[in-house]
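Report on one structure; see the data block that follows.
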Amino acid sequence: MSEQTMRIIDLRGRRLTRAEMLEAMPRADMGTSEATDLVTPILDDVRQRGAAALRDFEEKFDHIRPHDLRVPVEAIHAAEDALDPEVRAAIEESVRRARKVAASQVPHDFHTDLGEGARVAERWIPVQRVGLYVPGGKAVYPSSVIMNVVPAQAAGVESLAIATPPSKATNDGLPDATILATCAILGVDEVYAVGGAQAIAMFAYGARGSEPQDGDVLCDPVDKITGPGNIFVATAKRLVSGMVGIDAVAGPTEIAILADSGANPEWVAADLIGQAEHDELAGSVLITDSTDLAAKVQESLDRRVPRTEHSGRVATSLTGRQSGIIITDGIDQSVDAANAYAAEHLEVQTADDDAVIARIRNAGAIFRGPYSPVPLGDYMSGSNHVLPTSGTARFASGLGVHTFMKPVEVIEYDRTGLGEIASRINAFAVSEDLPAHGESVLSRFIDDPYDKATVRKQESEAGLR
């Protein structure tokens, strides 16, 4: 076998505890403590110096000092005018499908009547201002613009700002033209040529201007930050979480393919390579009870990897500790492994996909069958590709309309409704040694809730007992 060989994790004949199964899963070494040490001073500097710090960090990390940190609206529309028609058609189709799904996700207000004069309602209120991060790095991600903006717009967010690094392909200090064109198609004109941890700081704290073109305030602070990014972006989001909301602290992207002997090894190999193309730390995992399939996938990788454009990056990812082929005793153990791995993207290619999917509890998104590969979800399935990574799909979900909305309960009781349970509330409050809580309620019905010797009598006279 060549250097593209993926490592084997053999679970056959082993009865693993839940902890042992979780420990057996391949994961990337994130180095988060080192990232924290690097990111914290960036956050502090942007908070103190605003746009001046942002320009310094762009020059340091992206090797260009933008004249316009906020992209001029004219540049956004010029990018749209210059967009290749075929690319425009693809973007518009992606937007159309995403908007259709997002419209179905919008939650509805409801109320529950608990008795006469006793109602609890729930309103869904959009977050007021959101900062959407679109990564740069090894690729260009207009698809991430769509995945962040469409559900936010469907939720009714009134103020959207996008931050994305300046393009390395030009010297004008502006973001990639396709990203700008996508913003124009979506109707977003507040776009910043700022990347990395400094962009997260700008969103969290806001940033005052330092040059005339910035104005007094370059960027107002947001209420929530969403979108994927590298370890420095993820660390910055974690550090500002609590001051602002975040969607998640994302790790490297990952795929797991749960397949049996009937899966096409060439297609499985192509899908593993497709995910490995993202990053050297990307995780590509095959879970199968077929050693024959595993061997054929390895052989296909040996042929395919050298022929793909980013072969070096792909090979590093596939042979890293975060990738591997998990060999199981059968479909039951394969399902257990898939639930333990909790993949960002889980492809299921088996003899009975529906039966397998019914048993999956942990996955960011599930791709059913051989004609639903992960790139479909990356671009045009209508689903969202901002998904939980690093096993967090055990408790977290992907980006959606719900990400940009808050359920707020509205409690409405009248005198009859409150009177029915007033004495019980008082009893509950006294049991917690919080008597003023009960006194607050009883004040609406009796003259002196502080006279504990006569409270029960007063309650009876008021019809509370």
Practice task
Report the local net charge at W124: Lys and Arg +1, Asp and Glu -1, summed over other residues whose C-beta lies under 12 Å from its C-beta.
Solution key: -1
Problem - For q = 0.10, 0.15, 0.18 Å⁻¹, Debye-computed log10 I/I(0) when each Cα of segment 224-358 counts as one equal scatterer - result: -0.37, -0.75, -0.96
Problem - For the chain: span of alpha carbons on each principal axis (Å, largest first) - result: 88, 68, 42
Exercise for the section: Return the loop-located GluC sites (Glu not before Pro) in segment 399-465 (DSSP other than H, G, I, E, B) with at most 13 other Cβ atoms within 10 Å of their own Cβ; answer none if there are none. Expected result: E432
Practice task
Calculate what fraction, in whole %, of the accessible area of segment 1-119 sits on carbon and sulfur atoms when a 1.4 Å probe is rolled over the protein chains.
Solution key: 50 percent
Practice task
Convert each backbone phi in segment 45-59 into a coupling constant with the Karplus relation 6.51 cos²θ - 1.76 cosθ + 1.60 (shift: θ = phi - 60°), then list the ³J(HN,Hα) values in order as whole Hz, x for Gly and Pro.
Solution key: 5, 5, 4, 7, 10, x, 4, 4, 5, 4, 5, 4, 6, 5, 5
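Could you give the length gained by full extension between V87 and A139, i.e. 0.36 nm per residue of separation minus their alpha carbon distance, to one decimal place? Could you put the intermediate results ahead of the total?
Values: separation 52, 0.36 × 52 = 18.72 nm, distance 1.59 nm.
17.1 nm is the gain from fully extending V87 to A139.
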Fill in the blank from the handout: Calc'd 3J(HN,Hα), segment 235-240, phi into Karplus 6.51 cos²θ - 1.76 cosθ + 1.60 (θ = phi - 60°), Hz, glycine/Pro = x, comes to 5, 4, 4, 4, 6, 8
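How large is the helix-only mean residue ellipticity at 222 nm for the chain, computed as the sum of -39500 (n - 2.57) over DSSP H runs with n ≥ 4, divided by its residue count, in deg cm²/dmol to the nearest 500? Intermediate results must be reported in sequence, preceding the final value.
Details: 18 runs with 198 residues, N = 465.
Only helices count here, giving -13000 deg cm²/dmol.
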Completion exercise
Note, P252: beta-carbon cut-off 11 Å, +1 each Lys/Arg, -1 each Asp/Glu, net -4
Fill in the blank from the handout: Once both label points are put 7 Å beyond Cα along the C-beta direction, the I411-D352 separation in nm becomes 4.9 nm
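Using a 1.4 Å probe on the protein heavy atoms, what percent of the accessible area of segment 177-295 belongs to carbon and sulfur? Please report the intermediate quantities before stating the final value.
Details: 1750 of 3660 Å².
Of all accessible area on segment 177-295, carbon and sulfur atoms account for 48 percent.
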Handout entry: Separation in nanometres of the label points that stand 7 Å from Cα toward Cβ, at R303 and R12
Key = 2.4 nm
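Let me spell out the model: positive unit charges on the Cβ of Lys and Arg, negative unit charges on the Cβ of Asp and Glu, origin at the Cα centre of the chain. What dipole size does that give, in debye rounded to 20? Numbers along the way, then the final one.
On the way: 44 positive and 69 negative charges, 121 e Å.
Once rounded to the nearest 20, the dipole reads 580 debye.
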Practice task
Quick one: which residues, 5+ away or cross-chain, put their amide H under 5 Å from the amide H of L83? H built at 1.01 Å from N.
Solution key: none
Fill in the blank from the handout: Residue by residue through segment 106-120, the couplings from Karplus 6.51 cos²θ - 1.76 cosθ + 1.60 with θ = phi - 60°, in Hz, x for Gly and Pro, are 4, x, 10, 5, 8, 9, 10, 8, 9, x, 5, x, 9, 9, 10
Problem - Crossing angle, helix 177-186 versus the chain [Cα axis fit, 0-90 degrees, rounded to tens] - result: 40 degrees
Fill in the blank from the handout: Sorted by chain and then number, the residues having a modelled amide H within less than 5 Å of the amide H of I246, at least 5 places away or on another chain, are I225
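Under the classification rounded if a/c is under 1.5, otherwise prolate if a/b is larger than b/c and oblate if not, where does segment 1-104 fall, given a ≥ b ≥ c as square roots of the Cα gyration tensor eigenvalues?
Values: a/c = 2.45, a/b = 1.40, b/c = 1.75.
Oblate, because a/c is 1.5 or more while a/b does not exceed b/c.
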Practice task
Could you tell me the number of lysine pairs in the chain with C-alpha atoms less than 23 Å from each other, where the two lysines are 8 or more residues apart or belong to different chains?
Solution key: 9
Completion exercise
Note to self: with every protein chain in place and a 1.4 Å probe, the chain gives an accessible area per residue in Å² of 47 Å²
Practice task
Report, in degrees rounded to the nearest 10, the 0 to 90 angle that the Cα long axis of helix 85-105 makes with the longest principal axis of the chain.
Solution key: 30 degrees
Handout entry: segment 56-107: mean projected area of Cα convex hull, nm²
Key = 6.3 nm²
Exercise for the section: For segment 32-69, state which GluC sites (Glu not before Pro) are in a DSSP loop and have at most 12 other beta carbons lying within 10 Å of their beta carbon. Expected result: none
Handout entry: Degrees between helix 265-276 axis and first principal axis of the chain (Cα, 0 to 90, nearest 10)
Key = 70 degrees
Problem - Built amide H within the under 5 Å cut-off of S284, gap 5+ - result: I255, S323, G324
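Considering only protein heavy atoms and a 1.4 Å probe, what is the carbon-and-sulfur percentage of the accessible area of segment 301-438?
Working: 3450 of 6660 Å².
Summing carbon and sulfur atoms, their accessible area is 52 percent of the total for segment 301-438.
The values are calculated or read from the model by the stated rules, or taken from the named source; none is laboratory data. Here the structure is a predicted model, which is why all the values come from computation and not from measurement. Ideal geometry is used to build each Cβ from the backbone, glycine not excepted, and the neighbour counts take in all protein chains shown. Side chains included, ligands, DNA and RNA excluded: accessible areas come from the protein's heavy atoms. Shrake-Rupley method; radii C 1.70, N 1.55, O 1.52, S 1.80 Å.
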